[in-house]
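> Okay, handing you the structure first.
The values are calculated or read from the model by the stated rules, or taken from the named source; none is laboratory data. Since the structure is predicted, the reported quantities are computational estimates derived from the model, not experimental observations. Glycine gets a Cβ as well: all are built from the backbone with ideal geometry, and neighbour counts include every protein chain shown.
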Amino acid sequence: MAERIESLKAGIIGGLSMCFAFAIASLLNTLVLAKYFQTLACLQSDLNWHLWVSGAVASFTGFLFGVTYRYIIRSDQNPQLKAGGVLAFGLVRGLTQIELGWNSHSTIWPFLVLAFESVLWFGIAAIALNIAIQLRWVKPFSSI
């Protein structure tokens, strides 16, 4: 039961950090990228149900990432293992967005930006989880 609670805490930290990263990226897309780069104008988002659903999906994937990342890294200090976990989640989400861009009749650039953002979001979540583990808010999964 203690391991489940630690996984729940890791999931909550992952979900909150992804929600934060999503909010910052949405603001950056709306206030900077869509404003100054015409090809990225479709990244501009208004406060509507689509934004709320996207935020909820980002938070839920962050939760799943947090739970999984705790099991991936265990108590190892292997940087390739940590980066591999981030890239596995980020590329699955990002490459799906690129595929959607290829199948649409618009330019691919906005989808490349979204793919890069996805990897960045999971990187931010991993940093938050590593800090939480260092501060002993979350215990790493033991290998034994």
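> Would you confirm, using the coordinates I've provided, whether Ile108 is farther than 30 Å from Gln134 by Cβ and touching a Phe, Trp or Tyr at 6+ places or on another chain (Cβ under 6 Å)?
Here the answer is no, as Ile108 does not meet what is asked.
> So, in region 50-82, how many residues would count as being farther than 23 Å from Ala23 by Cα and hydrophobic (A, V, I, L, M, F, W, C)?
Here the count works out to 3.
> A further question follows. Quick check: is even one residue across region 42-52 assigned to a helix (DSSP H, G or I) and either at pLDDT 95 or above or in contact with a Cys (Cβ under 8 Å, 6 or more places away or on another chain) (or both)?
Looking only at region 42-52, we keep the residues that are assigned to a helix (DSSP H, G or I), and these are 42-43, 49-52.
Filter once more, so that each one left must be either at pLDDT 95 or above or in contact with a Cys (Cβ under 8 Å, 6 or more places away or on another chain) (or both): none.
No, region 42-52 contains no residue that is assigned to a helix (DSSP H, G or I) and either at pLDDT 95 or above or in contact with a Cys (Cβ under 8 Å, 6 or more places away or on another chain) (or both).
> Go through region 91-144 residue by residue and tally those that are outside any loop (DSSP other than H, G, I, E, B), more than 15 Å from Ile72 (Cβ to Cβ) and free of Cβ contacts under 8 Å to residues at least 60 places away in the same chain.
Of the residues in that region, 19 qualify.
> If you don't mind, another one. Scan region 83-128 for residues that are of a type outside the set (Val, Ile, Thr), at pLDDT below 90 and within 14 Å of the chain's Cα centre (by Cα) and jot them down.
Within region 83-128, Gln97, Leu114 meet the criteria.
> For region 124-144, give me the residue count where each residue is more than 12 Å from Gly62 (Cβ to Cβ) and touching a helix residue (DSSP H, G or I) at 6+ places or on another chain (Cβ under 6 Å).
Residues in region 124-144 being more than 12 Å from Gly62 (Cβ to Cβ) and touching a helix residue (DSSP H, G or I) at 6+ places or on another chain (Cβ under 6 Å): 5 in total.
> Could you please let me know if Ala88 is buried (at least 19 other Cβ atoms within 10 Å of the Cβ) and part of a helix (DSSP H, G or I)?
It is false that Ala88 is buried (at least 19 other Cβ atoms within 10 Å of the Cβ) and part of a helix (DSSP H, G or I).
> Follow-up. List the residue pairs whose Cβ atoms are under 8 Å apart, where the first residue sits in region 58-71 and is over 13 Å from Glu6 (Cα atoms), the second is charged (D, E, K, R) and modelled with pLDDT under 95, and the two are 6 or more positions apart or on different chains.
Matching pairs, first to second residue: Thr61/Arg93.
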